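The values are calculated or read from the model by the stated rules, or taken from the named source; none is laboratory data. Given the structure is predicted, the values throughout are model-derived calculations rather than measurements. Virtual Cβ from ideal backbone geometry, glycine too; neighbours counted across all protein chains shown.
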Amino acid sequence: MEYCLSLAEKGWPNVSPNPCVGALIVHNDQIVKEGWHQSFGSAHAERHAINSLNDNERKLLPESTLYVSLEPCNHHGKTPPCTELIIESGIRRIVVGYSDPNPLMCGRSLQRLRDAGIEVIGPLFDDFTTYPKGEIFMTGITRQRPYIILKWAQSMDNYLSVKEHCTKITNIETDVLVHKWRAESNAILIGYKTLITDQPQLTTRYYTGKNPIRYVLKDHREINISYEGFRFLLHENLVHELTNMYTMNNIGILLVEGGAYTLKKFIDIGFWDECRVITNKNMYIQNGVPAPNIQGILADEYTLGNNHICIIRPPE
């Protein structure tokens, strides 16, 4: 199962907002085939593994065991139910790592397999927060919105920039890291003033990966402008817009990069799941745009050159 879970992570971040899933077909303690969910809308891990079998390998299925990191799906979505494929394949035994917290499954899939005469072992683990990227998937299921990551860079004296000017705070190592964060996100959001002042590209040019969808949060009083590749949202409709991001646009992870007013908006309404703060240890601005004040739990910290990165989680 440990190897099965490692296979699941190979699909990250391309599967978002779906969960990562890995699957193994084992016969006489030998792995016959492995599979994983590779991208959102593509074949699930079980289907990937089963459909990869050749004719001789398929003959082994009645005597094989299917290991899967997460309870198989039992509903029609982007792909047909995996439970029906498993039943039709002739597999007689399945070992499941975690139950799917999605109410559409949540044990129902396992019962469907048992009713079909398949031996079901598991779920082996109870705490879904230990599942690969489980907290991200759970946020979508339970809160019907993306997993929201706030990110900003600040000087040692807690300023985002000199007033009315774009101020370079991060070094090249951290720039690469930030572009990695972008590649791991489905969408990125900034405020209207940040768009006008900084005119950022918000791409992954320093890291190999897909560019996120780009959103701008604006006030209804701010003029409508045309920026190619940007989508505009209204402050007044923020909660509704975030729900639509998840339910209509399949945005599982949203990276919020500022500016100060936009970051404060998310903090004030409690809509954040993680905060990543980059501090330049050698820079003092003294008078500028203050960085947001956020209360939380320090989950991790590390240093890249003169940049110190803190990962903060909401208070329990």
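Among the residues of the stretch 137-161, the one identified as in a strand (DSSP E or B), closer than 16 Å to A187 by Cβ, in contact with a Phe, Trp or Tyr (Cβ under 8 Å, 6 or more places away or on another chain) and not aliphatic (A, V, I, L, M) is K151.
Tell me yes or no: at least one residue of the stretch 162-181 is part of a strand (DSSP E or B) and either polar (S, T, N, Q) or in contact with a strand residue (DSSP E or B) (Cβ under 6 Å, 6 or more places away or on another chain) (or both).
No, the stretch 162-181 has no match at all.
Among the conditions (1) part of a loop (DSSP other than H, G, I, E, B); (2) within 21 Å of I294 (Cα to Cα), Q201 misses just one, which is (2).
Of the residues making up the stretch 56-90, those that are of a type in the set (A, V, I, L, M, F, W, C) and in contact (Cβ under 8 Å) with a residue 60 or more places away in the chain number 2.
Sub-8 Å Cβ pairs linking a first residue in the stretch 220-235 that is exposed (fewer than 12 other Cβ atoms within 10 Å of the Cβ) to a second residue that is modelled with pLDDT of 65 or more, at least 6 apart or interchain, are H220/L234; H220/H235; H220/E236; N224/F232; G229/R214, ordered by first then second residue. Residues that are of a type in the set (S, T, Y) and over 13 Å from I278 (Cα atoms) within the stretch 128-160 comprise T129, T130, Y131, T139, T142, Y147, listed in sequence order.
Quick check on my filter: what residues within the stretch 121-143 are closer than 25 Å to L85 by Cβ and surrounded by fewer than 17 Cβ atoms within 10 Å (Cβ to Cβ)?
I121, G122, L124, F125
Checked against the criteria, Y207 does not count as in contact with a Pro (Cβ under 7 Å, 6 or more places away or on another chain) and in the same structural domain as Q286 (by TED's automatic domain parsing). Those residues that are touching a residue at least 40 places away in the same chain (Cβ under 8 Å) and within 23 Å of the chain's Cα centre (by Cα), I need them from the stretch 91-106; list them, please. G97, D100, P101, listed by residue number. Counting only strands (runs of 3 or more DSSP E) wholly contained in the stretch 244-316, the ones carrying 1 or more residues that are touching a residue at least 40 places away in the same chain (Cβ under 8 Å) and closer than 18 Å to Y147 by Cβ occupy 253-256, 274-280, 307-313.
Residue selection: L66 satisfies the criterion of being in contact with a Leu (Cβ under 9 Å, 6 or more places away or on another chain) and either crowded, with 22+ Cβ neighbours inside 10 Å or closer than 15 Å to L7 by Cα (or both).
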